[in-house]
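Data first, discussion second: the structure below is written as structure tokens.
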Amino acid sequence: MAVKIRLQRFGKKGKPFYHIVIADARAARDGKFIEKIGSYNPVTIPATIDIDIEKACQWLKNGAQPSDTARSILSYKGVMIKRHLQIGVEKGAITQEIADTKFNAWVAEKENKISAKAEEKRNNKKSDAKNALAQEIEVNAKRQEGINARRKEADDAIRAEREAERLAREAAAAEKLAAETPAPVEEVVAEPVAEAQPETETPTEVEEPKAE
């Protein structure tokens, strides 16, 4: 009987959760299985993988073939490298102690990489949140500037309109006052009549006596 190591889907829509199972290759994907050897939750950051490495290695030794996704998960958790080391032990190339030491060193290095990557993601997330906040503040500031500018334009227009109304009222009042005020009457001043000068007699010339 051909045996597969594959994933069996559970969970809600948009929040999948998988069991890592040993199943007959002819069985339906979510049908009956022989044994469950782990679980996989891709929703968490980083993804949560729980697997029985010893059982997985034993099934690989017995000829079970992992699906592509299952193989990636097994490699990620060190199952494939442990199986490779166990083959070396079975062939006498290395001792079990050396194989265990190499595997433990690989696991420690892998965990350090995972921790560093998770920390980097957290920092990136914080940085993204900080940048998003800064962008939001900038957008709000520009929006407020636009609101203030439009408000100032509206206030200036209202003031200009009120000033125009005031000037119009003053002009109308001045016109009304001018219409109601009678025109001033000009006083005619009589010109003085010149007094008649008394006539003066022109003295007659006295004839001087002629000499005899």
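Laboratory data are not the source of any read-out in this text; all were calculated from the coordinates shown. The shown structure was predicted, so the numbers you read here are calculated from the model rather than taken from an experiment. Because the Cβ atoms are built from the backbone with ideal geometry, glycine has one as well, and the counts that use them run over all protein chains shown.
What is the angle, in °, between the Cα long axis of helix 79-91 and the longest principal axis of the Cα atoms in the chain? Nearest 10 is fine, range 0 to 90.
With both axes taken from Cα atoms, the answer is about 30 degrees.
Relative to a virtual label point 7 Å from the Cα of LYS113 in the Cα→beta-carbon direction, which members of region 33-54 show backbone nitrogen distances below 17 Å?
The answer is 46-49.
Considering only ILE37, ILE158, ILE98, give the residue with the highest GNM mean-square fluctuation for the chain, with springs between Cα atoms whenever their separation is below 10 Å.
ILE158
Applying 1/(1 + (r/R0)^6) with R0 = 45 Å to the Cβ-Cβ distance of ASN148 and ARG26, what FRET efficiency is obtained, to the nearest 0.05?
FRET efficiency, ASN148 to ARG26: 0.05.
Set the Förster distance to 22 Å, then compute FRET efficiency between ALA129 and LYS13 from the Cβ-Cβ distance, nearest 0.05. Please report the intermediate quantities before stating the final value.
Numbers: r = 28 Å, r/R0 = 1.25.
E between ALA129 and LYS13, to the nearest 0.05, is 0.20.
What's the longest uninterrupted piece of the chain once you rule out the trypsin sites (Lys or Arg not before Pro) that are loop residues per DSSP with at most 15 other Cβ within 10 Å?
Numbers: sites that count: LYS13, ARG26, ARG29, LYS32, LYS210.
In the chain, the maximal stretch lacking such sites is 33-209.
Under a straight-distance cross-link criterion of Cα-Cα below 16 Å, which lysines are reachable from LYS113, leaving out those fewer than 8 residues away in the same chain?
LYS77, LYS121
How long is region 3-94 along each principal axis, judged by its Cα atoms, biggest number first, in Å?
Here the spans come out as 49, 33, 18 Å, largest first.
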